[in-house]
Amino acid sequence: MTTRRAVCPGSFDPVTNGHLDIIGRAAKLYDEVVVAVLINKTKSSLFSVEERVQFLKECTSNYSNVRVDSFHGLIVDFCRENDIQVIAKGLRAVSDFDYELKMAQMNNGLSQVETLFMPTSPLYSFLSSSLVKEVATFGGDVTGLVPDLVLEKLREKLDA
């Protein structure tokens, strides 16, 4: 029997509870879930790739079938190299769907990798890493929106 693998790709800068919700739900559906942190050298990030990978490893340690890795380039190449059949993505709103549908069709055309769209929990339907960073930068409280570990590191980074 083949191992059913899915990937949850993203920049995760920082990882939010919305991300963890999707990862956890995907972990219930697949034998293995790979959380793939995008390395984008052209984008300015608050946390390094190594920090984001470490956060995700700690935050997903309660799932025996989740591993964390990083990648650059096309997600379909990462899927091919890791024998991954499905990309699992969370959708917050119709605007996400419009963008993600085009991406899913392109990915399928390039490599026949399927995309699974999962609606986010209503608790996190407004949540994005960008919004968390913006609110935290201006001293807003993001408790409950990110894991405690990330909350602590956000405060350290922004108070420095």
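Read-outs: derived from the displayed coordinates by stated rules, not from any lab. Keep in mind that what you see is a predicted model, and the values were worked out from it rather than measured. Reconstructed Cβ throughout: ideal geometry from the backbone, glycine too, with neighbour counts over all protein chains shown.
Key figures for this structure:
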| read-out | value |
| --- | --- |
| GNM result for the chain, Cα springs below 10 Å: residue of ASP98, ASP13, ASP69 fluctuating most strongly | ASP98 |
| Label-point gap, in nm, between LEU101 and GLU134 - each point 7 angstrom along Cα→Cβ | 2.5 nm |
| Footprinting exposure proxy for THR115, THR137, THR143 (fewest neighbouring C-beta atoms within 10 Å first) | THR143, THR137, THR115 |
| Pairs from LYS28/LYS57; LYS43/LYS133; LYS28/LYS153; LYS57/LYS102 whose Cα-Cα separation, in the structure shown, is over 20 Å | LYS28/LYS153; LYS57/LYS102 |
| For the stretch 84-134 and the stretch 51-68, distance of Cα centres in Å | 20 Å |
| Contour excess over end-to-end distance, with Cα ends at PHE117 and ASN65 and 0.36 nm allotted per residue | 16.7 nm |
| From phi via Karplus (6.51, -1.76, 1.60), per-residue ³J(HN,Hα) for the stretch 48-53 in Hz, x at Gly/Pro | 5, 4, 4, 5, 5, 4 |
| Fluctuation leader among ILE23, ILE87, ILE39 - the chain, Gaussian network, Cα springs under 10 angstrom | ILE39 |
| Once the Cα gyration tensor of the stretch 16-75 is diagonalised, semi-axes √(5λ) in Å | 21, 13, 10 |
| The chain - Kirkwood radius from inverse mean 1/r over Cα pairs (Å) | 16.2 Å |
| Fewest-first ranking of PHE97, PHE12, using other Cβ atoms within 10 Å as the exposure measure | PHE97, PHE12 |
| The chain: angle of helix 94-111 to the longest principal axis, Cα-based, in degrees nearest 10 | 40 degrees |
| Packing-based exposure ordering (other Cβ within 10 Å, fewest first) of SER61, SER44 | SER44, SER61 |
| Helix axis angle, 148-159 relative to the chain longest principal axis, alpha carbon, degrees | 50 degrees |
